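Student: So that we are looking at the same thing, I have put the structure below in structure tokens.
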Amino acid sequence: MDDLSSKGNMSDLHDLLQEILEIQKNVQNNEECVTRAQEIIKESSKMVENSTCSSEIMVDAKILQVGTTLVSTNVSQLTTNLIGFNKDTYTRGILEKVHNSGGATQAGEEWKSLAPHTYHLFKKSNPLTFMLGPLVLKPLSAEEEQHSQSTQVKHRAERQKKKEQAPKNTLASETDREEAEEEGTDVYQHILRCLVREYTKNKKKPISYFNFVIDPHDYWRTVQNIFHFSFLVRDGSVKMTLHKGMPWVEPVVRKPETGNVQKVQNSQFCLTLSMEDWEKLIEKYQVETCGIPPFVQNVRC
């Protein structure tokens, strides 16, 4: 029985050796082949685990050698591919494959079949999670707020003056940066005015955060609204609260007699919004229009 068992093991080991040699001959080793090579190595090692036959051990060693070479070769090819990888070429290849598959309906099906294979490539985070670090911000006094506004006006006037007096060879990047900063401030003020308008229409009751920032026709604009709105929350111009697990927002009211801002508990949280989440929220909250119309220079909300 021992001889028969030994002969059976030797036969199986030779079969495994031949299989892994065939995999090695395949120039384009795909992921399935490499996975199978790993399985062969494990099977071979298990078969000779308690063996005292030198022939079996030699065959197992040969399998291990071929498998190690195979894996090393694939790692080397992967490194080379990553170095020479061109994302634009890769993107064009995907678009050509999908759109040349035949018709808009078929292209849509191709995108749906491609999507599940890409989900695991993106890190997932909780839809709503509070940060561990505190947000230390002190409300501005009336004098500080007035000084801040006058400083902004002064800086804006200085930038305009520099722009008019700047020589033609002035670097365009510096001008663009200053214009971007100024436009950013205008966008925040635009969003705050829109929030005050919606808050007033809602009889000065908190409004749904998602109903305010979501653009039902444009996912990218929704992301932009969330990004810009976060600065208003950071600066204490907007109060955000959770009610039944959902965020609600309202503008922070300033008292006329003191000029101080209402005392707001400072919190930080991160929000993750995928396109699928965006579509579900539109349906759940029946969002038909965005609370933040597109920003247009010199046009008030």
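The values are calculated or read from the model by the stated rules, or taken from the named source; none is laboratory data. Computed from a prediction, not measured in an experiment: that's the story for all the values here. Glycine also receives a Cβ, built like all others from the backbone with ideal geometry; neighbour counts cover every protein chain displayed.
Student: I'm checking my understanding of the structure. Among residues of the range 170-193 that are of a type in the set (A, V, I, L, M) and at pLDDT 55 or above, which one is nearest to Asp235 (Cα to Cα)?
Tutor: First, the residues of the range 170-193 that are of a type in the set (A, V, I, L, M): 171-172, 180, 187, 191-192.
Filter again for at pLDDT 55 or above, leaving 187, 191-192.
Details: Val187: 14, Ile191: 13, Leu192: 12 Å.
By that ranking, first place goes to Leu192.
Student: Would a scan of the range 215-231 turn up a residue that is among the hydroxyl-bearing types (Ser, Thr, Tyr), at pLDDT below 90 and buried (at least 16 other Cβ atoms within 10 Å of the Cβ)? It would help to see each step written out before you state the result.
Tutor: Initial filter on the range 215-231 (among the hydroxyl-bearing types (Ser, Thr, Tyr)): 219, 222, 230.
Right, trim to at pLDDT below 90 and you get 230.
Restricting the remaining residues to those that are buried (at least 16 other Cβ atoms within 10 Å of the Cβ) gives 230.
The answer is yes, given that some residue of the range 215-231 is among the hydroxyl-bearing types (Ser, Thr, Tyr), at pLDDT below 90 and buried (at least 16 other Cβ atoms within 10 Å of the Cβ).
Student: Select from the range 273-283 the residues that are exposed (fewer than 11 other Cβ atoms within 10 Å of the Cβ) and under 23 Å from Tyr199 (Cα atoms) and list them in ascending order.
Tutor: Glu283
Student: Another question about this same structure. If we keep just the residues of the range 286-301 that are loosely packed, with under 13 Cβ neighbours inside 10 Å and aliphatic (A, V, I, L, M), which is modelled with the highest pLDDT?
Tutor: Val296
Student: If a residue has to be of a type in the set (A, V, I, L, M, F, W, C) and either modelled with pLDDT under 60 or part of a loop (DSSP other than H, G, I, E, B) (or both) to count, how many in the range 248-285 make the cut? Break it down stepwise before answering.
Tutor: Of the range 248-285, the ones of a type in the set (A, V, I, L, M, F, W, C) are 248-249, 252-253, 261, 264, 269-271, 273, 275, 278, 281-282.
Narrowing further to those that are either modelled with pLDDT under 60 or part of a loop (DSSP other than H, G, I, E, B) (or both): 252-253, 261, 264, 273.
So the count comes out to 5.
Student: Conditions first: (1) outside any helix (DSSP H, G or I); (2) hydrophobic (A, V, I, L, M, F, W, C); (3) out of contact with any helix residue (DSSP H, G or I) (no Cβ under 9 Å at 6 or more places or on another chain); (4) at pLDDT 90 or above. Val196 passes all but one, so which condition is the exception?
Tutor: With respect to (1) outside any helix (DSSP H, G or I); (2) hydrophobic (A, V, I, L, M, F, W, C); (3) out of contact with any helix residue (DSSP H, G or I) (no Cβ under 9 Å at 6 or more places or on another chain); (4) at pLDDT 90 or above, Val196 is out only on (1).
Student: Any chance you could count how many residues in the range 120-152 are surrounded by 10 or more Cβ atoms within 10 Å (Cβ to Cβ) and at pLDDT 65 or above?
Tutor: 11
Student: Could you give every pair whose Cβ atoms fall below 6 Å, whose first residue belongs to the range 77-99 and is of a type outside the set (A, V, I, L, M), and whose second residue is at pLDDT 70 or above, counting only separations of at least 6 or pairs across chains?
Tutor: These pairs meet every condition: His99/Ala107.
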